[in-house]
Structure formats: structure tokens, C-alpha cells
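Asker: Shown below is the structure under consideration.
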Amino acid sequence: MPDAMTIAIVDDEQDMRQSISQWLSLSGYNTETYSSAEEALKAITADYKGIVVSDIRMPGMDGMAFLKRLMSLDGALPVIMITGHGDVPMAVEALKVGAYDFLEKPFDPERMSDLARRATQARRLTLDNRQLRREL
């Protein structure tokens, strides 16, 4: 098991949510799935013990607006953005806003697992550092 971190998967397409969740679960991660950014924001707090994988194009609050909300909540939260309609300017914008990385659909599941591993390690370090600072 890579760690006890949770990966929140936010995508309006049920098949995509399920396939990402299944792959990451098989890779040893705990996953939570959300069909909208609004639904995910109810569960994700400033010291969320995990990372977020979010689609960019969704009805209601889109992935870029969601990313901005997450960054204002916790600027150190790793957010991996995914899209089936990716383009270079969109990827650059997502990274400027604070995305951890950007994947274009269809993506290699091994690449997703590798990104999740690196992002959860980074998240663990951030949360551990915050805890240490509180104890001082």
C-alpha cells in the first residue's frame, strides 16, 4: 500500500471516474469519487489528507474554477488536472494557477499511478511539516 492518503477523483463522466478509481485502487490507493466540483468542495478541507484528480471540462463549476478554489483553500494541495480537450495554453494556465500536473485523455494508467505516487509523497511532506510546526 503506497500510503494512507486518499485520492479525490472529480469528473462528471461516471465511466472516467470509475476507471481512474479502479486503476488507483488496484495501485493501492484509497479513492473517493465526486461527480462535480461543488460536491468535492464539501469534502475537501485545508488539511485534506490526500490529493485531487480533476477533469477540466465539467458542467457547473469547471476544473479551472475548482482548481482556483482549491488553491485558495490550500495552496500546497497537489491537484492533477485531466482533460479530453487539452491544449498547451490550457495546460500552462492550469500549472500557473497551481496544478501539480496535467494529463490529457486518454492517458497511460502507469503515468497516472506515478503522478499519484509523487503527489501523495509531496502531500505527506507538507502535512508532516505543518504538524511539526504546530508542535513547536
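Asker: Going by the conditions given, is Thr6 within 14 Å of the chain's Cα centre (by Cα), within 20 Å of Thr126 (Cβ to Cβ), modelled with pLDDT under 95 and β-branched (Val, Ile, Thr)? Walk me through how you get there before you give the answer.
Answerer: Numbers: within 14 Å of the chain's Cα centre (by Cα): yes; within 20 Å of Thr126 (Cβ to Cβ): yes; modelled with pLDDT under 95: no; β-branched (Val, Ile, Thr): yes.
No, not satisfied.
Asker: Continuing with this model, one more query. Tally the residues that are open to solvent by 30 Å² or more (accessible area, probe 1.4 Å) and under 19 Å from Ala8 (Cβ atoms), restricting the search to the stretch 72-97.
Answerer: Here the count works out to 5.
Asker: Could you check Ala37 against (1) surrounded by fewer than 21 Cβ atoms within 10 Å (Cβ to Cβ); (2) modelled with pLDDT of 95 or more and say which number it fails?
Answerer: (1)
Asker: Could you grab the pairs with beta carbons closer than 6 Å, sequence gap of 6+ or different chains, first residue in the stretch 58-78 and farther than 11 Å from Leu41 by Cβ, second one surrounded by fewer than 19 Cβ atoms within 10 Å (Cβ to Cβ) and of a type in the set (Val, Ile, Thr)?
Answerer: Leu67/Val97; Lys68/Val97; Ala76/Thr126
Asker: Any idea which residue in the stretch 44-63 is farthest from the chain's Cα centre (by Cα), counting only those that are hydrophobic (A, V, I, L, M, F, W, C) and at pLDDT 95 or above?
Answerer: Checking each candidate, the answer is Met61.
Asker: Which one is farthest from the chain's Cα centre (by Cα) among residues in the stretch 98-132 that are surrounded by 13 or more Cβ atoms within 10 Å (Cβ to Cβ) and among the polar types (S, T, N, Q)?
Answerer: Thr126
Asker: Restricting to the stretch 64-95, count the residues that are at pLDDT below 95 and charged (D, E, K, R).
Answerer: 2
Asker: Being within 21 Å of Pro106 (Cα to Cα) and either at pLDDT below 95 or open to solvent by 60 Å² or more (accessible area, probe 1.4 Å) (or both) is the requirement here; does Gly28 meet it? Step through it out loud before you land on a result.
Answerer: Numbers: within 21 Å of Pro106 (Cα to Cα): no; either at pLDDT below 95 or open to solvent by 60 Å² or more (accessible area, probe 1.4 Å) (or both): yes.
It is false that Gly28 is within 21 Å of Pro106 (Cα to Cα) and either at pLDDT below 95 or open to solvent by 60 Å² or more (accessible area, probe 1.4 Å) (or both).
Asker: In the stretch 40-54, how many are open to solvent by 10 Å² or more (accessible area, probe 1.4 Å) and either farther than 15 Å from Gln121 by Cβ or small (Gly, Ala, Ser) (or both)?
Answerer: Within the stretch 40-54, the subset open to solvent by 10 Å² or more (accessible area, probe 1.4 Å) is 41-43, 45-49.
In the following step, the residues that additionally are either farther than 15 Å from Gln121 by Cβ or small (Gly, Ala, Ser) (or both) were identified as 41-43, 45-48.
Result for the stretch 40-54: 7.
Asker: How many residues are open to solvent by 30 Å² or more (accessible area, probe 1.4 Å) and among the hydroxyl-bearing types (Ser, Thr, Tyr) when one looks only at the stretch 6-21? First the steps, then the outcome.
Answerer: Let us first name the residues in the stretch 6-21 that are open to solvent by 30 Å² or more (accessible area, probe 1.4 Å), namely 12-19.
Narrowing further to those that are among the hydroxyl-bearing types (Ser, Thr, Tyr): 19.
Of the residues in that region, 1 qualify.
Asker: Against the definition (over 19 Å from Ala119 (Cα atoms) and either among the β-branched types (Val, Ile, Thr) or touching a His at 6+ places or on another chain (Cβ under 8 Å) (or both)), how does Val88 come out, yes or no? Full working, then the answer.
Answerer: Values: over 19 Å from Ala119 (Cα atoms): yes; either among the β-branched types (Val, Ile, Thr) or touching a His at 6+ places or on another chain (Cβ under 8 Å) (or both): yes.
Yes, satisfied.
The values are calculated or read from the model by the stated rules, or taken from the named source; none is laboratory data. Everything numeric in this text was worked out from a predicted model, so none of it was measured. We place every Cβ from the backbone using ideal geometry, glycine too, and count neighbours over all the protein chains shown. Keep in mind that these areas ignore ligands, DNA and RNA; they rest on the heavy atoms of the full protein, side chains included. Shrake-Rupley method; radii C 1.70, N 1.55, O 1.52, S 1.80 Å.
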